[in-house]
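Report on the following structure.
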Amino acid sequence: MFTRPVTSRAAGLALLAMLSIDGITLALGQAPADTESGYSPRGADTCLACHDTGADAPVLAIFETAHGSRDDPRGPFAQLQCESCHGPGAAHAQRVRRGESQAPIRTFGPQSGTPTEEQDAACLDCHASDAGPAWHASTHAFNDVGCASCHTVHTTSDAVLERAQQPAVCYDCHQRQRMQSTMAFTHPIRYEQMACSQCHAPHGSAGEYALARASVNDTCFACHAEKRGPFLWEHAPASEDCSLCHTAHGSMHPALLRQRPPLLCQQCHSQAGHPSVPSTPATIPPFGTSPLSLVGSCLNCHISVHGSNHPSGSTLTR
Amino acid sequence: MSTAAFSAMARTAPCIAALVLAVDAASAQPVVPEDWDCRFCAFPSGSVASFWLGSAFVSDASGKFGTYTGLDDEGFYAVADGTWRRWLDDGQVWSVRVDDLGLKSRSIALDGGRPGSYRVRAQYDAIPNIRYDGIRTPFASGTRALLPSDWVTASSTAGFATLAANERSVAISHDREQLMTGIEWRARESLDIRAEFRRDARSGNQLIAGSFAAVSAWLPAPLDYVTDEVEVAVGHDRPNAAFEVGYRGSRFSNDAPTFEWQNPFTPFTAGADFGRLALAPDNRARQLYATGSVRFGRSHVAAQLSEGSIEQDDPFVAATINPAIDAVALPRQSLNGRVDTQRLTVDVASRVSSRFRVSARVERDERDNKTQVASFTRVLTDLAVVGASLNAPYDFERSRVRADASYRLPRRMQVTVGAERDRWERNLQARQRTRETELWAEVDVRRWESLRFSARVSDSQRRGSDYSVLDRGSALQNPRLRQYHLADRDRSVAAIDLSYAPVRAVTAALHVESANDRYSRSELGLNAGDARRLTFDVAFAPDTRWNAYAAFARDDLDLRQTGSQQFGPGDWRAETDESTKSQSFGAVWRAPSERLELQLDVNATESRSQTSVLTGNPQALFPDFHTKIRGVNVSGTYTVNPRLRVRVTYRYERYANADWQLDGIDTATIPSILTVGAWIPKYAVDMLTVAFSYTPARDQ
């Protein structure tokens, strides 16, 4: 349950440390640069002379992925190979003297020296439709959380696209949500049955909190359609916003409630003929056995809290 | 769909499309040199597969441990995972993946197609959900919960003479099966079409309460839901613009829409021997959406419009099944309910210069409930006619405007300021209109590539129209009460973030936040809420051979509210203090030979909630709600040879809780409620897994 196979930030750092070429790369096997075009003389063969299986950051796994396909006319290897994404690499591939730094090349990731905007532009050349129309105005884009902050390319599978591994990528920044996912009552994220992206659209959306659908309730109804109604007798807060009573990422209370009834209900209800009786320790064993305090509290009678379709269900007891 | 919605959509969509076409620009592609023959490129061919087979032993039975995983019984389980992938000569790639085939949480996925041309996906997931291992109940299961023939009714649970003899154990659980199939097709350059079908089926039982006025019984009731959803979308993208239109349709059906149960108590009125609940009605929803974005130089404009409806027209059940009550006429036989929803969002983001960027969002959200209002004669829990009530179809309109501006100062400092205005207009609520204004500012400082510090403060105020007590034919609310989501609220938030990477191998991050809500004009209801949050994590990754992490998080929440038991001024107060803290650490190490990999993960999360109630007498303190989960996961994988690997995993999880609402409450503990002894038992489970992986030779 608590498996966090490899900390994605840690792995990413290790990878970026290797790929953020700053002079430590060996210059063996490099060919003279094609200085006219700026591109390397032999394309990927130039790059792979150094970045092979023996490199600290092997890149050959890319060929197992869609990025390594020659058959996709938009793919890097049907075009300028490594330099489709990394840009012209002639200068970078040039031999350097001991102690000198390798010329920089476009690299990717949050610690890269390449501006995030430039990194993202390289990705969006092909992935504009994957990012979606909302990307540029999204919270991630506005805060310089670029494509390579979450996605990895030189690996057999991109962790953020794998249901079981995606949460670890998100939790690198969203630490509070990681804590909440380990609480007693949660959605099945830590059981690898659900990914963050089933509710959230990291590339931006029309909804609040980068939700995948237009509103909080639309998102919840995608899996909990039985709560959708419309009911004859509505519970207006439930129709308006599920998060008024529930918290999505984890709770110590059953049903992911924000607080226990009766206090949760009494924040909005204090009615004539059904007064807002305080639930006190005197009402629970060994002193008492009040139905208001114990088991379901208000739900012992008002079970249809999400709405009722019973003609006599106006108080949500039917 | 409303005429206004149609016209709004009709106006917006062509505008977006026109902008898409207007700003399109061709981009020149460099020519690939002929001698770039990619000799070192390891393009795959043929097929590759890998299978994990083995066994797992679980030391103890626990529904809580087994929920979502199916590991709920003590004993042995089969481990069966596998992947297979094949690359065809024409560029197609197909893969099949199976996970947890030996468990109730199995999943099977097919994914394939030709990259850049089309993709086909299909996935099946089974998710067991075990709410309670075994409740105790005298009721028979099914859509009609009957009591045993020798049942003796009584006015309180103490008088249920045959209860103990008739209690049987029933597990409260359901199995969820999800099927998804989808296709994505790049029909033409820049034109994508995708279609998906999803089915979500749940079957099993649930625990619900059925009441007769002041007495009630908890009952196992059937749960049999199916939700089908179809989504079709067409997207068009150009270098400077993108556009997508789509349709989403969803249908929910419940094969157990009503539930009847026998009254275990002596009926208050003649004929009240059975009660009936209306469970979730069938419903359907549809939504049309269009999104588009256009780039103008360094600016982007995105618009998203969705328009949909939710409909529900299940036949009503009778107002009562009490034969002693004369038939009650219904104003109609079904709800014919319909809610139209519309949402429009326009985003503008501009990097005005390399230092200055702005973004703004305008949103409008509308829920238009077209369900007719009628007067329904109310039979109080199948006991007696008590008058009539009007249904209150709920509508709202929300409009929100938000803007951010960020300026990068010299010395790698950035300042961001923003504002938001959020307006709600609701019908049939105690407060018709609310508006909330929020202002915030943030400073972000970076030093030496390794240090980043940011501080953010925000302040918001919610105010609104007059608050009034609604009279809808049922009990009135205390006029001093302010529902917390409608009440005046002052909120202030302050947060700091610090991240530090002294060397490439180490990163550390700290987040501290304080949020305070004040409902100073709420005489009754929620008065205040104070939250404090802290997270800290450090990661260490010296090389690709090993890495380690540690994280700590803590959340504290204090709530204060006031109530009135005399339907007058406040005469009791409650304070709830909740805290959750979580620690985790772990490491992965790979031997230089790459043959051995070891992994460790440890996690401990503890939550505590304490409530005190002040009623004029000395302060009364409840026992704590308390949950504690501790887990350890250790695994080692040894590569015997390129074909064979062995993995040994040990997992330990311990769950402890204290819940005074449930713990020790037996079926007859509460005189007026027949309960089911449903509480979540503590557990400590060890699990040992041994599995072997076989990777056949690559088929070329």
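The values are calculated or read from the model by the stated rules, or taken from the named source; none is laboratory data. Everything numeric in this text was worked out from a predicted model, so none of it was measured. Ideal geometry is used to build each Cβ from the backbone, glycine not excepted, and the neighbour counts take in all protein chains shown. Only protein heavy atoms, including side chains, enter the accessible area calculation; ligands, DNA and RNA are left aside. Shrake-Rupley method; radii C 1.70, N 1.55, O 1.52, S 1.80 Å.
For every helix of n ≥ 4 consecutive DSSP H residues, a contribution of -39,500 (n - 2.57) applies; sum these over chain B, divide by its total residues, and give [θ] at 222 nm rounded to the nearest 500 deg cm²/dmol.
-1000 deg cm²/dmol
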Helix-only [θ] at 222 nm, chain A, -39500 (n - 2.57) per DSSP H run of 4+, per residue, nearest 500, equals -6000 deg cm²/dmol
So the carbon and sulfur contribution to the accessible area of the range A:119-210, 1.4 Å probe, in percent, is 57
Cα extents of the range A:120-276 along the principal axes, largest first, in whole Å, come to 66, 30, 27
Mind checking the mean number of beta-carbon atoms from other chains within 10 Å of the Cβ atoms in A:292-304? 6
Rounded to the nearest 100 Å², the accessible area hidden between B and A, summed over both chains at a 1.4 Å probe radius, is 13900
Per the 1.4 Å probe, what fraction of the accessible area of chain B, in percent, lies on carbon and sulfur atoms? 56
By per-residue mean of other Cβ atoms within 10 Å, what is the highest-first order of B:483-496, B:126-139? B:126-139, B:483-496
Computed E for B:THR695/B:VAL120 - FRET, C-beta separation, R0 35 angstrom, nearest 0.05: 0.85
Nearest 10 degrees is fine. How inclined is helix B:3-22 to the longest principal axis of chain B, computing both from alpha carbons? 10
Can you give the Rg and Dmax of the range A:119-210 based on its C-alpha atoms, in angstrom? 13.7, 44
Find how many whole Å separate the alpha carbon centroid of the range A:76-143 from the alpha carbon centroid of the range B:577-633. 40
What are the extents of the Cα atoms of the range A:139-179 along their three principal axes, in Å, largest first? 28, 25, 11
Area of B:ARG595 that stays accessible when all protein chains are in place (1.4 Å probe, Å², to 10): 100
The simple spin-label model distance between B:ASP60 and B:ALA403, using points 7 Å out along Cα→Cβ, in nm, is 6.0
Ranked highest first by the average count of other Cβ atoms within 10 Å around their residues, in what order do B:559-567, B:54-62 fall? B:559-567, B:54-62
Average beta-carbon neighbours from other chains, 10 Å sphere, peptide B:315-326: 2
Mind checking the angle between helix A:116-131 and chain A's longest principal axis? C-alpha axes, 0 to 90 degrees, to the nearest 10. 60
Find the centroid of the Cα atoms in the range A:159-189 and in the range B:119-190, then give the distance between the two in whole Å. 27
So how exposed is B:ILE680, as accessible area in Å² (1.4 Å probe, rounded to 10)? 30
Chain B: radius of gyration and largest Cα-Cα distance (Dmax), Å: 30.7, 95
Within the range B:537-642, list the GluC sites (Glu not before Pro) lying in a DSSP loop whose Cβ has at most 11 other Cβ atoms in a 10 Å radius. B:GLU594
Using a 1.4 angstrom probe on the protein heavy atoms only, line up A:SER138, A:SER157 by accessible area, largest first. A:SER157, A:SER138
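Tell me, what does the Kirkwood hydrodynamic radius of the range B:200-278 come to in angstroms if you use every pair of distinct C-alpha atoms?
Evaluated over the range B:200-278, this radius sits at 16.5 Å.
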Longest principal axis of chain A (C-alpha) makes with the long axis of helix A:8-19 (C-alpha) an angle, in degrees to the nearest 10, of 10
Cα extents of the protein assembly as shown along the three principal axes, largest first, in whole Å? 99, 61, 54
Length gained when the stretch B:ASP686-B:ARG446 is fully extended (0.36 nm per residue, less Cα-Cα span): 81.8 nm
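For the range B:330-401, what does the accessible surface come to per residue with a 1.4 Å probe? Please give it in Å².
I get 41 Å² per residue for the range B:330-401.
Order these peptides, A:97-108, B:380-391, by their mean beta-carbon neighbour count within 10 angstrom, highest first.
B:380-391, A:97-108
Given an 8 Å cut-off on Cα distances and at least 6 residues of separation, report the relative contact order of the range A:119-210 as a percent.
Relative contact order for the range A:119-210 comes out at 33 percent.
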How big is the accessible area of A:SER304 in square angstrom, nearest 10, if you roll a 1.4 angstrom probe over the protein chains? 20
Quick tally, 1.4 Å probe accessible area for B:LYS581, B:LYS682, sorted with the most first, runs B:LYS682, B:LYS581
With every protein chain kept in place and a 1.4 Å probe, the residues B:SER693, B:SER149 fall, from largest accessible area down, as B:SER149, B:SER693
Surface/4 of the Cα convex hull for the range B:560-700, nm²: 15.8
Per residue of B:161-167, count partner chain C-beta atoms within 10 Å of its C-beta, then hand back the mean as an integer. 0
